[in-house]
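Just below is one structure, and these are the notes that go with it.
The values are calculated or read from the model by the stated rules, or taken from the named source; none is laboratory data. If you're wondering where the values come from, they're calculated on a predicted model, not measured in any experiment. Heads up, the Cβs are rebuilt from the backbone with ideal geometry, glycines too, and the neighbour counts pull from every protein chain shown.
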Amino acid sequence: MNNSVANTARLIGAGLRALLVLTVICGVLYPLAVTGIAQALFNDKANGSEIKDKSGQVVGSSLIGQTYNLPKQDPNNPDEAVKPDLKWFQPRPSNGLGSNSVNTQYSLILSGATNRSGDNGAIDGTCTEDAEEGTLCAQVLAAKEAVITDNSTNGYKVKPEDVPADAVTSSGSGLDPDISPAYAELQTHRVAEKNNLSVAQVEKLVKDHTEGRLLGFMGEPRVNVLELNIALKALSEN
C-alpha cells in the first residue's frame, strides 16, 4: 500500500515538474525568442506592415485595402448609398460579402469572396444587361458602368474595353490593398482633374509606385493604393 502511494506521488511530482518545465520553455522562452527575432529581423512585418504619412502618423497597413468614400449626409441611415471620393485613387471593389447584417450600426470589415462562378447570371455564357439583379454578372456590369462614368473627363473618355478585371471584381479576400497598373493608369485623368494636377504628374506617381513581379517572375505588377494616395496628397499640398 505504501509503495503504491509513493509511486503515485512520484508520478504526480514528475508530471508537475514536466508541466512547469514545458510551460517555461513553450509558454515563455519560445514566444520571447520568436518575438525577439521577428522584431530584430522583420520589424516592419512583425508590427503589421504599417504605413505612415509624412507627419509620422500611422494611416493603415500595406496588407489591407481601404475605401476612399465621401462621408454620408446621414451617418445613421444604413440605406444611404456610399459614393466614392473621386479625388483619390480607388481600390478594387470590396463588397464581396455584401453589407454587414450582424449589426447594421457598425461598418465591419468583411473578408471573403462571393463564391459565385464566373458565369453567374450569364445568358448563354455571356453577361448582358438582362442579367438578374444580385448575380455576379449584374454586379460586374454595374461596376463597369460606374468606372467608365467616374473616370471619364472632358478631355478623356474611358472605353469599355479599357476597363481591367480588377476594376470590377473583388479579390479573394475582398481586402486587396493593390490594383493593377492598368487600373491605376485608367484613373490618372480623373485624379489629375480633381486635384488640379497635370496628367503627367499623376502618371509619374503611378510609375514610381508600381512594383514589379516578385523575384522577377512571380505574381503580377501591382500598385499599392494607400501608398499611392499618400504620395498624391503630398504632391497636391505642395
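Some points to look at:
- Matching residues in region 187-210 - criterion: being small (G, A, S) and part of a loop (DSSP other than H, G, I, E, B): S198
- Residue within region 137-156 that is in a helix (DSSP H, G or I), closer than 25 Å to L235 by Cα and without any contact (Cβ under 8 Å) to a residue 24 or more places away in the chain present: no
- Lone unmet requirement of (1) in contact with a strand residue (DSSP E or B) (Cβ under 7 Å, 6 or more places away or on another chain); (2) of a type outside the set (A, V, I, L, M); (3) under 24 Å from G60 (Cα atoms); (4) at pLDDT 95 or above for P177: (4)
- The one condition in (1) in a helix (DSSP H, G or I); (2) surrounded by fewer than 18 Cβ atoms within 10 Å (Cβ to Cβ); (3) small (G, A, S) that A184 fails to fulfil: (2)
- Every residue from region 120-149 that is surrounded by 15 or more Cβ atoms within 10 Å (Cβ to Cβ) and of a type in the set (D, E, K, R): K144
- Matching residues, region 207-238, being surrounded by fewer than 16 Cβ atoms within 10 Å (Cβ to Cβ) and of a type in the set (D, E): D208, E211, E220, E237
- Cross-chain or 6+ apart pairs with Cβ under 9 Å, region 110-130 first and without any contact (Cβ under 8 Å) to a residue 40 or more places away in the chain, then small (G, A, S) and loosely packed, with under 10 Cβ neighbours inside 10 Å: D119/G125
- Exactly one residue among L235, L226 is modelled with pLDDT under 95, within 23 Å of P84 (Cα to Cα) and within 16 Å of the chain's Cα centre (by Cα), and that residue is L226.
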